[in-house]
Amino acid sequence: MTRRAALAAVLALTCAAGCAPLPAPREVEQLQLIQTLGYDCLGGRVRVSVSSGREPDGGVSQLTAEGGSITEAIRRLQDYSPREELFFAHVRFAAVGEDAAGAGLGPLLDYFERNTQTPLDLPLFVVRGAEAEALVAAAPDPAYEVTALLASLQRDAERMGTEHCFTVLEIARRLSRSGSALCAAVRPVPSGDHVPSAPEGALSVLPAGYAVLRDGALAGYLDEDAALGADLILGLAGQACTVLPLDGGRVTVQLRASRSETVRGPDGGTLVRIRCRAGVVESDGAGSLTGASLGALAEALAGRLAACAAAALEAETRLDTDFLELGRTAGEGPSSVPPHWRAEVTAVIERSYDLADSARVDGREDRDG
(Lines give C-alpha, C1' and ligand atoms only; values in the text may rest on other atoms or scores of the structure.)
Protein backbone atom coordinates (compact mmCIF):
# COMPACT_ATOMS: atom_id res chain seq x y z
CA MET A 1 0.00 0.00 0.00
CA THR A 2 1.35 3.43 -0.89
CA ARG A 3 1.75 6.16 1.76
CA ARG A 4 -1.07 8.15 0.10
CA ALA A 5 -3.43 5.16 0.23
CA ALA A 6 -2.50 4.45 3.84
CA LEU A 7 -3.24 8.05 4.84
CA ALA A 8 -6.60 7.88 3.05
CA ALA A 9 -7.46 4.70 4.93
CA VAL A 10 -6.61 6.26 8.30
CA LEU A 11 -8.76 9.32 7.55
CA ALA A 12 -11.66 7.09 6.46
CA LEU A 13 -11.47 5.08 9.68
CA THR A 14 -11.31 8.27 11.73
CA CYS A 15 -14.44 9.65 10.11
CA ALA A 16 -16.25 6.29 10.37
CA ALA A 17 -15.47 6.10 14.08
CA GLY A 18 -17.03 9.51 14.66
CA CYS A 19 -13.82 11.03 15.97
CA ALA A 20 -13.12 14.73 15.88
CA PRO A 21 -11.27 15.98 12.82
CA LEU A 22 -7.53 16.32 12.96
CA PRO A 23 -6.43 19.62 14.58
CA ALA A 24 -5.78 22.41 12.17
CA PRO A 25 -2.07 23.11 11.76
CA ARG A 26 -0.67 26.38 13.04
CA GLU A 27 1.77 28.58 11.19
CA VAL A 28 4.89 29.41 13.17
CA GLU A 29 4.06 33.11 12.88
CA GLN A 30 0.77 32.44 14.71
CA LEU A 31 2.48 30.95 17.78
CA GLN A 32 3.78 32.98 20.73
CA LEU A 33 6.67 31.00 22.22
CA ILE A 34 6.82 31.14 26.04
CA GLN A 35 10.14 30.43 27.78
CA THR A 36 9.59 31.60 31.39
CA LEU A 37 6.44 31.33 33.51
CA GLY A 38 5.83 33.13 36.80
CA TYR A 39 3.22 32.27 39.45
CA ASP A 40 1.85 34.52 42.21
CA CYS A 41 -1.08 34.30 44.63
CA LEU A 42 -3.44 37.21 45.30
CA GLY A 43 -5.80 36.08 48.02
CA GLY A 44 -8.10 33.60 46.32
CA ARG A 45 -6.82 34.41 42.84
CA VAL A 46 -3.59 33.74 40.98
CA ARG A 47 -1.46 35.80 38.65
CA VAL A 48 0.49 34.24 35.82
CA SER A 49 3.32 36.16 34.14
CA VAL A 50 5.11 34.95 31.02
CA SER A 51 8.07 35.99 28.93
CA SER A 52 8.97 34.90 25.42
CA GLY A 53 12.74 35.16 25.71
CA ARG A 54 14.52 37.20 23.10
CA GLU A 55 12.70 36.78 19.79
CA PRO A 56 14.32 36.52 16.31
CA ASP A 57 13.67 40.21 15.66
CA GLY A 58 15.50 41.12 18.88
CA GLY A 59 12.36 42.02 20.80
CA VAL A 60 10.65 40.37 23.76
CA SER A 61 7.00 39.72 24.60
CA GLN A 62 5.82 39.78 28.21
CA LEU A 63 2.26 39.26 29.45
CA THR A 64 0.53 39.04 32.82
CA ALA A 65 -3.05 38.18 33.78
CA GLU A 66 -5.11 37.05 36.77
CA GLY A 67 -7.70 34.33 37.21
CA GLY A 68 -9.31 31.93 39.61
CA SER A 69 -6.84 29.24 38.55
CA ILE A 70 -3.65 28.94 36.53
CA THR A 71 -5.62 27.64 33.54
CA GLU A 72 -8.03 30.58 33.67
CA ALA A 73 -5.19 33.10 34.02
CA ILE A 74 -3.43 31.59 31.00
CA ARG A 75 -6.64 31.80 28.96
CA ARG A 76 -6.83 35.47 29.84
CA LEU A 77 -3.21 35.88 28.81
CA GLN A 78 -4.32 34.63 25.41
CA ASP A 79 -6.82 37.49 25.19
CA TYR A 80 -3.98 40.00 25.42
CA SER A 81 -1.55 38.16 23.17
CA PRO A 82 -1.05 39.71 19.71
CA ARG A 83 -0.60 36.20 18.31
CA GLU A 84 -3.14 33.45 17.87
CA GLU A 85 -1.81 30.90 20.34
CA LEU A 86 0.54 30.85 23.33
CA PHE A 87 2.95 27.91 23.01
CA PHE A 88 4.30 26.41 26.26
CA ALA A 89 6.05 23.28 25.00
CA HIS A 90 9.46 24.95 25.23
CA VAL A 91 9.15 26.60 28.66
CA ARG A 92 12.65 26.63 30.16
CA PHE A 93 12.10 28.12 33.64
CA ALA A 94 9.35 28.65 36.20
CA ALA A 95 9.38 31.12 39.08
CA VAL A 96 7.07 31.39 42.08
CA GLY A 97 6.72 34.45 44.28
CA GLU A 98 7.48 34.27 48.00
CA ASP A 99 3.83 34.70 49.07
CA ALA A 100 2.69 32.02 46.63
CA ALA A 101 5.39 29.67 47.90
CA GLY A 102 4.18 30.31 51.46
CA ALA A 103 0.63 29.42 50.43
CA GLY A 104 1.86 26.17 48.87
CA LEU A 105 3.10 24.98 45.50
CA GLY A 106 0.37 22.36 45.13
CA PRO A 107 -1.61 24.19 42.40
CA LEU A 108 1.50 24.94 40.34
CA LEU A 109 2.92 21.40 40.58
CA ASP A 110 -0.49 19.95 39.80
CA TYR A 111 -0.77 22.16 36.70
CA PHE A 112 2.62 21.05 35.38
CA GLU A 113 1.92 17.38 36.12
CA ARG A 114 -1.46 17.36 34.36
CA ASN A 115 -0.61 19.59 31.41
CA THR A 116 0.56 17.62 28.39
CA GLN A 117 2.25 20.62 26.80
CA THR A 118 4.54 21.88 29.57
CA PRO A 119 7.73 19.91 30.39
CA LEU A 120 8.60 18.71 33.89
CA ASP A 121 12.39 18.87 33.63
CA LEU A 122 12.61 22.66 33.93
CA PRO A 123 14.17 24.42 36.94
CA LEU A 124 11.81 26.00 39.46
CA PHE A 125 12.89 29.07 41.45
CA VAL A 126 11.41 30.79 44.50
CA VAL A 127 11.71 34.58 44.24
CA ARG A 128 12.95 35.57 47.67
CA GLY A 129 11.33 38.70 49.08
CA ALA A 130 9.35 39.53 45.94
CA GLU A 131 6.63 38.43 43.55
CA ALA A 132 7.39 36.41 40.44
CA GLU A 133 5.90 39.16 38.28
CA ALA A 134 8.68 41.52 39.39
CA LEU A 135 11.17 39.05 37.93
CA VAL A 136 9.36 37.75 34.84
CA ALA A 137 7.61 40.81 33.44
CA ALA A 138 9.76 43.77 34.43
CA ALA A 139 12.57 43.91 31.85
CA PRO A 140 12.85 47.35 30.24
CA ASP A 141 15.33 46.02 27.68
CA PRO A 142 15.50 42.66 25.82
CA ALA A 143 19.12 42.25 26.95
CA TYR A 144 17.85 41.90 30.55
CA GLU A 145 14.97 39.54 29.79
CA VAL A 146 14.43 36.97 32.56
CA THR A 147 15.07 33.82 30.51
CA ALA A 148 18.59 34.89 29.60
CA LEU A 149 19.28 35.97 33.20
CA LEU A 150 18.08 32.66 34.65
CA ALA A 151 20.01 30.64 32.06
CA SER A 152 23.20 32.48 33.00
CA LEU A 153 22.51 32.04 36.72
CA GLN A 154 21.89 28.31 36.26
CA ARG A 155 25.18 27.77 34.43
CA ASP A 156 27.22 29.75 36.94
CA ALA A 157 25.47 28.51 40.08
CA GLU A 158 25.81 24.83 39.28
CA ARG A 159 29.40 25.16 38.04
CA MET A 160 30.49 27.15 41.10
CA GLY A 161 28.40 25.17 43.58
CA THR A 162 26.40 28.11 44.92
CA GLU A 163 23.12 26.23 44.46
CA HIS A 164 21.59 23.35 42.52
CA CYS A 165 18.65 24.27 40.29
CA PHE A 166 16.14 21.56 41.18
CA THR A 167 13.52 20.83 38.51
CA VAL A 168 9.76 20.64 38.88
CA LEU A 169 10.00 16.84 38.58
CA GLU A 170 12.77 16.54 41.22
CA ILE A 171 10.82 18.71 43.66
CA ALA A 172 7.56 16.83 43.11
CA ARG A 173 9.28 13.48 43.65
CA ARG A 174 11.01 14.61 46.85
CA LEU A 175 7.78 16.05 48.25
CA SER A 176 5.97 12.81 47.44
CA ARG A 177 8.47 10.49 49.14
CA SER A 178 9.74 12.67 52.00
CA GLY A 179 7.26 15.51 52.45
CA SER A 180 10.02 18.08 51.97
CA ALA A 181 12.32 19.41 49.28
CA LEU A 182 14.82 22.11 48.42
CA CYS A 183 14.17 24.69 45.71
CA ALA A 184 16.70 27.21 44.43
CA ALA A 185 15.96 30.74 45.59
CA VAL A 186 16.79 33.86 43.61
CA ARG A 187 16.69 37.55 44.40
CA PRO A 188 16.01 40.26 41.79
CA VAL A 189 18.17 43.33 42.47
CA PRO A 190 18.66 46.59 40.55
CA SER A 191 21.68 46.37 38.27
CA GLY A 192 22.65 49.91 39.30
CA ASP A 193 26.36 50.67 39.54
CA HIS A 194 27.31 47.02 39.01
CA VAL A 195 26.30 47.26 35.34
CA PRO A 196 26.88 50.88 34.24
CA SER A 197 25.73 50.08 30.71
CA ALA A 198 22.34 48.75 31.86
CA PRO A 199 19.27 50.88 31.18
CA GLU A 200 17.47 52.49 34.10
CA GLY A 201 15.31 50.00 35.95
CA ALA A 202 17.18 46.93 34.72
CA LEU A 203 17.34 43.99 37.13
CA SER A 204 19.99 41.40 37.79
CA VAL A 205 19.14 37.98 39.24
CA LEU A 206 21.34 36.67 42.05
CA PRO A 207 21.35 33.26 43.77
CA ALA A 208 19.81 33.47 47.24
CA GLY A 209 20.43 30.04 48.76
CA TYR A 210 17.64 27.49 49.00
CA ALA A 211 13.97 27.69 49.83
CA VAL A 212 12.97 24.80 52.10
CA LEU A 213 9.57 23.30 51.26
CA ARG A 214 7.67 21.37 53.89
CA ASP A 215 4.41 19.67 52.84
CA GLY A 216 4.66 21.67 49.63
CA ALA A 217 4.84 25.12 51.26
CA LEU A 218 7.71 27.47 52.08
CA ALA A 219 9.05 26.72 55.57
CA GLY A 220 12.19 28.88 55.48
CA TYR A 221 15.46 29.50 53.68
CA LEU A 222 19.02 28.24 53.75
CA ASP A 223 21.51 31.06 53.39
CA GLU A 224 24.89 30.76 51.69
CA ASP A 225 26.72 28.68 54.32
CA ALA A 226 23.87 26.25 55.01
CA ALA A 227 23.20 25.95 51.27
CA LEU A 228 26.81 24.94 50.67
CA GLY A 229 26.54 22.47 53.55
CA ALA A 230 23.42 20.96 51.98
CA ASP A 231 25.20 20.65 48.63
CA LEU A 232 28.13 18.87 50.29
CA ILE A 233 25.83 16.40 52.04
CA LEU A 234 23.82 15.77 48.88
CA GLY A 235 26.93 15.45 46.69
CA LEU A 236 25.97 18.51 44.64
CA ALA A 237 28.80 20.90 45.50
CA GLY A 238 30.53 22.11 42.35
CA GLN A 239 33.65 24.23 42.16
CA ALA A 240 32.78 26.34 45.18
CA CYS A 241 35.42 28.85 46.30
CA THR A 242 36.23 29.99 49.80
CA VAL A 243 38.77 32.47 51.20
CA LEU A 244 40.86 31.30 54.18
CA PRO A 245 43.41 33.16 56.36
CA LEU A 246 46.98 31.85 56.29
CA ASP A 247 50.21 33.30 57.77
CA GLY A 248 48.88 36.85 57.85
CA GLY A 249 47.55 36.64 54.29
CA ARG A 250 44.58 35.20 52.46
CA VAL A 251 44.33 32.15 50.23
CA THR A 252 41.43 31.33 47.93
CA VAL A 253 40.80 27.63 47.45
CA GLN A 254 38.40 25.96 45.03
CA LEU A 255 36.72 22.60 45.43
CA ARG A 256 37.59 20.07 42.76
CA ALA A 257 35.58 17.12 44.01
CA SER A 258 33.55 16.07 47.03
CA ARG A 259 31.56 13.05 48.10
CA SER A 260 29.59 12.08 51.17
CA GLU A 261 28.41 8.92 52.85
CA THR A 262 26.22 8.16 55.82
CA VAL A 263 27.69 5.75 58.40
CA ARG A 264 27.21 4.74 62.01
CA GLY A 265 29.54 6.63 64.31
CA PRO A 266 31.54 5.07 67.16
CA ASP A 267 29.07 6.52 69.67
CA GLY A 268 26.13 4.78 68.02
CA GLY A 269 24.93 7.98 66.35
CA THR A 270 24.72 8.64 62.63
CA LEU A 271 27.63 10.35 60.93
CA VAL A 272 27.64 12.17 57.59
CA ARG A 273 31.22 11.76 56.40
CA ILE A 274 32.33 14.24 53.70
CA ARG A 275 35.62 14.05 51.80
CA CYS A 276 36.83 16.92 49.64
CA ARG A 277 39.66 17.69 47.26
CA ALA A 278 40.57 21.30 46.55
CA GLY A 279 43.25 23.42 44.94
CA VAL A 280 44.70 26.87 45.54
CA VAL A 281 43.59 29.42 42.93
CA GLU A 282 44.83 32.65 44.52
CA SER A 283 47.17 33.73 47.30
CA ASP A 284 47.48 37.23 48.72
CA GLY A 285 50.24 37.89 51.25
CA ALA A 286 50.51 34.28 52.41
CA GLY A 287 54.04 33.71 51.02
CA SER A 288 55.21 30.49 49.40
CA LEU A 289 53.00 27.51 50.09
CA THR A 290 54.96 24.66 51.64
CA GLY A 291 53.77 21.19 52.47
CA ALA A 292 53.20 22.28 56.07
CA SER A 293 51.21 25.38 55.10
CA LEU A 294 49.10 23.36 52.67
CA GLY A 295 48.34 20.94 55.51
CA ALA A 296 47.25 23.83 57.71
CA LEU A 297 45.17 25.18 54.86
CA ALA A 298 43.47 21.80 54.41
CA GLU A 299 42.57 21.75 58.11
CA ALA A 300 41.13 25.26 57.86
CA LEU A 301 39.09 24.29 54.81
CA ALA A 302 37.77 21.17 56.56
CA GLY A 303 36.71 23.29 59.52
CA ARG A 304 34.99 25.82 57.29
CA LEU A 305 33.07 23.15 55.37
CA ALA A 306 32.19 21.27 58.56
CA ALA A 307 30.58 24.46 59.89
CA CYS A 308 28.54 24.73 56.66
CA ALA A 309 27.38 21.11 56.95
CA ALA A 310 26.49 21.66 60.61
CA ALA A 311 24.41 24.71 59.59
CA ALA A 312 22.46 22.55 57.14
CA LEU A 313 21.83 19.88 59.80
CA GLU A 314 20.79 22.55 62.31
CA ALA A 315 18.29 23.91 59.77
CA GLU A 316 16.74 20.45 59.46
CA THR A 317 16.11 20.38 63.21
CA ARG A 318 14.98 24.02 63.36
CA LEU A 319 12.55 23.69 60.44
CA ASP A 320 11.48 20.20 61.56
CA THR A 321 11.78 18.61 58.14
CA ASP A 322 14.26 16.21 56.56
CA PHE A 323 14.89 18.12 53.32
CA LEU A 324 18.24 16.30 52.96
CA GLU A 325 16.45 12.92 53.11
CA LEU A 326 19.02 11.64 55.59
CA GLY A 327 16.49 9.50 57.40
CA ARG A 328 15.60 7.82 54.13
CA THR A 329 19.28 7.37 53.22
CA ALA A 330 20.00 5.73 56.58
CA GLY A 331 16.98 3.45 56.25
CA GLU A 332 15.13 5.14 59.10
CA GLY A 333 12.30 6.50 56.94
CA PRO A 334 11.32 10.15 56.36
CA SER A 335 11.78 12.19 59.52
CA SER A 336 13.33 15.32 60.90
CA VAL A 337 16.97 14.90 61.84
CA PRO A 338 17.48 14.23 65.57
CA PRO A 339 20.42 15.70 67.54
CA HIS A 340 22.59 12.57 67.23
CA TRP A 341 23.28 13.34 63.56
CA ARG A 342 26.58 15.08 62.94
CA ALA A 343 28.95 15.85 60.08
CA GLU A 344 32.67 15.15 59.73
CA VAL A 345 34.74 16.70 56.94
CA THR A 346 38.22 15.84 55.71
CA ALA A 347 39.91 17.93 53.02
CA VAL A 348 43.05 17.62 50.92
CA ILE A 349 44.77 20.49 49.10
CA GLU A 350 46.28 18.50 46.29
CA ARG A 351 48.80 20.86 44.76
CA SER A 352 49.75 24.48 44.33
CA TYR A 353 51.82 26.31 41.74
CA ASP A 354 53.91 29.14 43.10
CA LEU A 355 55.68 31.25 40.49
CA ALA A 356 58.11 32.61 43.06
CA ASP A 357 59.43 29.25 44.20
CA SER A 358 60.26 26.18 42.15
CA ALA A 359 60.71 23.93 45.19
CA ARG A 360 58.81 20.69 45.58
CA VAL A 361 55.35 21.31 47.00
CA ASP A 362 53.31 18.53 48.60
CA GLY A 363 55.51 15.90 46.97
CA ARG A 364 55.21 17.28 43.42
CA GLU A 365 57.50 19.46 41.35
CA ASP A 366 56.45 23.00 40.52
CA ARG A 367 55.61 23.45 36.82
CA ASP A 368 58.79 25.57 36.41
CA GLY A 369 60.92 23.08 38.36
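Would you give the gap between the C-alpha center of the range 202-256 and the C-alpha center of the range 114-164, rounded to a whole Å? Measuring centre to centre over Cα atoms gives 18 Å. Exposure check, 1.4 Å probe, all protein chains in place: LEU203 carries approximately 40 Å² of accessible surface. Sparse packing (at most 12 other Cβ atoms within 10 Å of the Cβ) combined with a DSSP loop state is found for the following GluC sites (Glu not before Pro) in the range 182-274: GLU200.
Accessible-area rank, largest first, for PHE323, PHE87: PHE87, PHE323, with all protein chains present and a 1.4 angstrom probe.
Give me the accessible area per residue for the range 251-309, probe 1.4 Å, as a whole number in Å².
Result: 44 Å² of accessible area for each residue.
Within the shell defined by Cβ-Cβ distances under 11 Å, the residues around LEU324 carry a net charge of -2, with Lys and Arg each +1 and Asp and Glu each -1.
Among residues other than GLY102 with Cβ under 13 Å from its Cβ, the summed charge is -3 (Lys and Arg +1, Asp and Glu -1). Backbone amide hydrogens, once placed in the peptide plane, bring LEU236 within less than 5 Å of nothing, excluding anything fewer than 5 places away on its chain.
Close amide H contacts of GLY209 (hydrogens built in the peptide plane, cut-off under 5 Å, sequence separation of 5 or more or a different chain): ALA185. In the range 148-290, Cα pairs under 8 Å separated by at least six residues give a relative contact order of 19 percent.
Surface calculation, 1.4 Å probe, protein heavy atoms: ARG155 sits at approximately 150 Å² accessible. Between amide H atoms placed 1.01 Å from N, distances below 5 Å from LEU203 occur with SER191, all of them 5 or more places distant or on a separate chain. Ranking VAL281, VAL195, VAL127 from most to least accessible surface, computed with a 1.4 Å probe over the protein chains only, gives VAL281, VAL195, VAL127. Taking a Cβ cut-off of under 11 Å around TYR210, the surrounding Lys, Arg, Asp and Glu residues balance to a net charge of -3, with basic ones at +1 and acidic ones at -1. About its Cα centre, the range 213-326 has a charge dipole of approximately 440 debye under the convention of +1 per Lys or Arg Cβ and -1 per Asp or Glu Cβ, with nothing else charged. Once all protein chains are placed together, HIS164 keeps about 40 Å² accessible to a 1.4 angstrom probe.
Share of carbon and sulfur in the accessible area of the range 32-115 stands at 45%, probe radius 1.4 Å.
The values are calculated or read from the model by the stated rules, or taken from the named source; none is laboratory data. On a predicted model such as this, the values are computed, not experimentally measured, just so you know. Counting neighbours? That spans all protein chains shown, and the Cβs are built from the backbone with ideal geometry, glycine included. Remember, those area values only see protein heavy atoms, side chains included, never the ligands or the DNA or RNA. Shrake-Rupley method; radii C 1.70, N 1.55, O 1.52, S 1.80 Å.
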